[in-house]
Structures are given as structure tokens and as C-alpha cells.
Amino acid sequence: MRYVLTLLSLVTLLGALAAAGSAGANRHSAKATFKYCTDPTFPPMEYTTTSGKIIGFDVDMATKLAATWSAKATASKTAFPGLIPALNAKRCDAVISGIFVTPDRLKQAAAVTYMKSHRVIIVKAGNPKGVHSPNQLKGLVVAVQTGTKYEEYLKALQAKIGFTLQGYPGDNDAVAQVLLGRADAVLTQDTSFAFQAKQHPGKIAIGYTFGAPDSFGIYYRKADAATLGQEIKTGVSQLKKSGALTTLAVKYKIPAADVK
């Protein structure tokens with residue numbers, strides 16, 4: 001009888017250990033680091049200081065997000081067009097870079113939405129060219145960050161109405177063209193305008209705001225849906241419920257309603 005009980009106890013113990021091992025394997029929290037790819041050219045979401053340090057709303061959020069499963073977030077600088085390819089090549093665990101959730105990107109990777117915002121056309125203060133709709137870009141010089149959905153939209157519009165389109169590697173560079181008088185308008189996001197207007201008071205204005213909102217998302221590999229994907233979903237939910245994202249929105253002059 002003792003032998004039988006001992007054998008049963010051993011089987012029970014092995015079963016418990018196997019279950020615990022399986023549960024541990026299904027959690028990403030065993031990783032000490034959470035490496036995310038980002039293109040730090042889109043303030044206030046992500047940008048660099050004069051010393052080269054990457055800062056911004058997304059950077060602070062990534063730090064708080066990783067902490068929800070006891071990990072440390074580290075940013076990996078990546079050019080915007082290469083973000084999703086870098087993710088799928090396993091050069092990072094996720095993409096956090098003020099990047100829209102779109103049907104074509106969701107074919108390549110999965111995503112968790114964390115913020116909504118609106119596209120805007122930025123013009124010089126006083127709107128001297130009278131840009132109050134996308135069609136009024138006809139005949140003008142328009143700047144945009146290359147490799148973005150903004151650029152895709154403008155290329156399609158350019159074919160219809162005609163204007164000069166200038167592409168730049170970063171959103172900062174594109175907005176600078178309006179400030180320097182080299183472009184009449186730039187298509188970007190309201191979050192970018194809030195940052196740029198603070199940096200250059202009285203120099204720029206919003207000519208037109210698109211009605212439909214966009215959603216920023218955190219992308220992860222589809223194969224990680226049950227592990228890291230679940231951690232990200234749970235973590236973002238926690239940050240929203242705790243008010244942590246609202247606090248960051250206030251810090252970076254982003255409407256609090258955008259992160260609720």
C-alpha cells in the first residue's frame with residue numbers, strides 16, 4: 001500500500017511540475033528584457049535628445065508596459081519602413097513607434113491598439129495658401145515622411161489633383177520644410193502638431209483635420225499571440241485602468257480622451 005501511495009504521489013508531483021512548466025512556457029514574463037523596434041523621428045511619440053537618447057510618450061509607455069510583467073524595456077532604433085520586417089526577422093519583440101493599425105499590416109503581424117488620433121494638414125500660421133481641404137493642395141508643394149501611410153495617401157491624391165510631393169526620412173524633417181518655407185503643407189498627426197506648435201509658437205497652424213480617427217498600435221508576431229501578445233493586451237488594459245496612459249498624455253500634451 002505504501003508503494004502504491006508513493007507512486008501515486010510521484011505521479012501527482014510530476015503532473016503538477018509539468019503543468020507549472022507549461023504555464024511558465026506560455027508566459028513572456030520569463031524574459032528579463034522587452035526589446036521593441038522604434039523610429040525616433042515622430043515627436044512627441046518618440047524622438048531623440050541632442051545626446052541621442054530616445055524619449056517620448058511611446059518610450060515611457062513601453063517602460064511601464066514591460067513592468068507589468070516584470071521586464072525591462074529597451075528600444076532598438078529602426079527606420080520606419082523596416083519596422084515590421086525587423087519584427088518578423090526577430091530583431092525585436094514588438095514594434096512601438098506611433099504606427100497605425102491597418103489591414104495590410106495586420107496581414108503581417110498582430111497588434112494591440114493603445115491610442116486614437118487624427119491626421120492633420122499643417123500649414124504656415126495664417127494659412128496663406130487657404131488650405132481647408134485635401135483637394136486644395138492642388139498646385140502646392142507638400143512634404144511628408146517617407147514609408148508612411150501619409151505618403152501612400154498623398155501619392156494617390158497627387159495622381160488625381162496634381163501637386164509637388166517631397167519625401168523626408170522623419171516627421172520632424174517634413175514639418176521643418178513648412179517652417180523653412182520650402183513646402184506649403186505637410187500631412188502628419190495631431191500629436192505631432194501639438195509638439196511642433198509648442199516648439200515653434202505662432203509659426204504653424206492646422207489647415208484641415210481629417211474626420212476619421214486613426215489608431216496607434218503595438219505590433220507583435222502572430223506566433224506570439226498566446227504569450228507576449230496576451231501580456232501586451234493585459235498590460236495596456238492595466239495602464240488604461242490605472243490612469244498611467246492618461247498621465248503620460250498630459251505630460252506630452254496629448255488629449256487624454258485619445259488614450260481611454
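A compact table of results
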read-out	value
Within the range 159-192, considering residues that are open to solvent by less than 60 Å² (accessible area, probe 1.4 Å), modelled with pLDDT of 95 or more and β-branched (Val, Ile, Thr), the one farthest from Lys253 (Cα to Cα)	Ile161
All positions within the range 119-145 that are crowded, with 17+ Cβ neighbours inside 10 Å, over 21 Å from Gly202 (Cα atoms) and not aliphatic (A, V, I, L, M)	Pro134, Gln136, Gln145
Qualifying positions in the range 238-254 - open to solvent by 70 Å² or more (accessible area, probe 1.4 Å) and in a loop (DSSP other than H, G, I, E, B)	Lys253
Complete set of residues in the range 85-112 that are open to solvent by less than 20 Å² (accessible area, probe 1.4 Å), within 15 Å of Gly229 (Cα to Cα) and either of a type outside the set (A, V, I, L, M) or not in a strand (DSSP E or B) (or both)	Leu87, Cys92, Asp93, Ile96, Ala109
Meets criteria (of a type in the set (Lys, Arg), over 28 Å from Tyr153 (Cα atoms) and either crowded, with 16+ Cβ neighbours inside 10 Å or at pLDDT 95 or above (or both)) for Lys77	no
Verdict on Ala156 being free of Cβ contacts under 8 Å to residues at least 12 places away in the same chain, open to solvent by 10 Å² or more (accessible area, probe 1.4 Å), in a helix (DSSP H, G or I) and within 14 Å of Ile121 (Cα to Cα)	no
Residue that is surrounded by the most Cβ atoms within 10 Å (Cβ to Cβ) [pool: residues in the range 193-213 that are in contact with a Phe, Trp or Tyr (Cβ under 8 Å, 6 or more places away or on another chain) and at pLDDT 95 or above]	Ile204
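The values are calculated or read from the model by the stated rules, or taken from the named source; none is laboratory data. Nothing here was measured: the structure is a model prediction, and the numbers come from that model. Cβ atoms come from the backbone with ideal geometry, glycine included; neighbour counts cover every protein chain shown. Areas reflect the complete protein model, heavy atoms only, side chains present, ligands, DNA and RNA absent. Shrake-Rupley method; radii C 1.70, N 1.55, O 1.52, S 1.80 Å.
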